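Notes follow once the structure below has been shown.
All of the numbers you see were taken from the coordinates with simple rules; none came from a lab. What you see is a predicted model, and the numbers here were worked out from it, not measured in a lab. Here Cβ is always computed from backbone atoms with ideal geometry, including for glycine, and neighbour counts include all displayed protein chains.
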Amino acid sequence: MNLDDLARSTGEWLRGVGAMSDVVVSSRIRLARNLADFPFLSTATGTERTEIYRSVTDAITSTGGHEGSLLVDVAGADDIDREILVERHLISRQHLSAEGSRGVAIAPDETSALMINEEDHLRIQALGSGLELESLWRVVTDLDDALGERLAFAFDRKLGFLTACPTNVGTGIRVSVMLHLPALKITKEIERVARAARDMRLAVRGMLGEGTDVTGDLYQISNQTTLGKSEPDIIEPFCKVIIPKIVEYERTAREALVKHNAMQLDDSIWRAYGTLANARRIGSEETQTLLSPIRMGIHLNRFDLLDIPALNELFLHTQPAHLQKLHGRLLDDNDRDEVRADRLRSRLAC
């Protein structure tokens, strides 16, 4: 597997399966770890960053459970390849723009990614489609245990794992779930849900995490603190209370739209399809916005010209970096909008 192969595929988190997948697009669990014998990256020298990179990559390549992984030198990758990794949720935007030695090891099926020298020395991440936090936790903890046998992690008996950001101190775990909430947006209930989430000390962000706006009605919900809580204390409420309740609200809102505004709902779905299938120029954000009602329409059995895997492929492959990678050359904004429209018309032609 190489980055060209990666760009042509869809990615594990967009398979469109798993629990509550009509609303829950994907789940992610991430662990932050630092090496005991090195300073945090904020004070590390270039030489120390290189030494950390070598130590972690040596541990990864000798660890069972990550055989056949693709190791990408993020520092040496070109701009398009780095953006592709961000669009696939395999690295963060902070990792993309950081300085010095850094990389990511990606499992062949993209179910896990190990970020080296992002904010912390190591971030162990597992990704899955639908609400699959419990199975993802098993993947993450197995990798954490295996790497912990080869690396000495910074740990304090009282505080737990030491991390660059104080909010991650303790378990170092960050749980996040991406939700598609178009009906709550239409019924103007989304702000109430977002406020309730924030009251529970949860972060509500856009699709690409911290600092990103919401597009395509995709919201990322994640925990904000870990100190004083065990991993089950954090994961269990997500699985059994928080996410199921939001899913219930969204499903109820969808049912209300079907019952009381079916014609308006169908009109928004088919107008979105008509624009995507006929546009000669279209931007990335508009594409994501128009794919949103179609995604809901598929799940409500009101649109049958695409299935969810095909829609997710369009969703990913029309994003800027993927579009340029698949087209084989760099494109300016105008050219990207034309190439994106061409790809959409070709795929959506009846």
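Observations on the model:
- Selection within segment 47-72: residues that are at negative phi and part of a loop (DSSP other than H, G, I, E, B). The member of this set that is surrounded by the most Cβ atoms within 10 Å (Cβ to Cβ) is His66.
- For beta carbons closer than 9 Å, sequence separation of 6+ or different chains, a first residue in segment 257-275 that is in contact (Cβ under 8 Å) with a residue 60 or more places away in the chain and a second that is surrounded by fewer than 17 Cβ atoms within 10 Å (Cβ to Cβ) and assigned to a helix (DSSP H, G or I), the qualifying pairs are Leu257/Gln264.
- Subset of segment 73-107 [in a helix (DSSP H, G or I) and under 21 Å from Leu143 (Cα atoms)]: Leu85, His95
- Qualifying residues in segment 119-150 (those that are among the charged types (D, E, K, R) and surrounded by fewer than 23 Cβ atoms within 10 Å (Cβ to Cβ)) - the one farthest from Pro39 (Cα to Cα): Glu134
Every residue, every condition in (1) among the basic types (Lys, Arg); (2) at negative phi, yes or no:
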| residue | (1), (2) |
| --- | --- |
| Ala164 | no, yes |
| Pro182 | no, yes |
| Lys188 | yes, no |
| Arg192 | yes, yes |
| Ala196 | no, yes |
| Asp213 | no, yes |
| Thr225 | no, yes |
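- Scope segment 244-286; condition under 15 Å from Pro182 (Cα atoms) and touching a Leu at 6+ places or on another chain (Cβ under 7 Å); matching residues: Ile246, Tyr249, Glu250, Ala253, Arg254, Leu257, Val258, Leu265, Ala272
- Ile243 part of a loop (DSSP other than H, G, I, E, B), within 27 Å of the chain's Cα centre (by Cα) and either without any contact (Cβ under 8 Å) to a residue 60 or more places away in the chain or surrounded by 15 or more Cβ atoms within 10 Å (Cβ to Cβ) (or both): no
- Screening Ala44 on (1) in contact with a strand residue (DSSP E or B) (Cβ under 7 Å, 6 or more places away or on another chain); (2) surrounded by 16 or more Cβ atoms within 10 Å (Cβ to Cβ); (3) among the aliphatic types (A, V, I, L, M) shows it passes everything except condition (1).
- Matching residues, segment 244-276, being closer than 12 Å to Thr187 by Cα and in contact with a Pro (Cβ under 7 Å, 6 or more places away or on another chain): none
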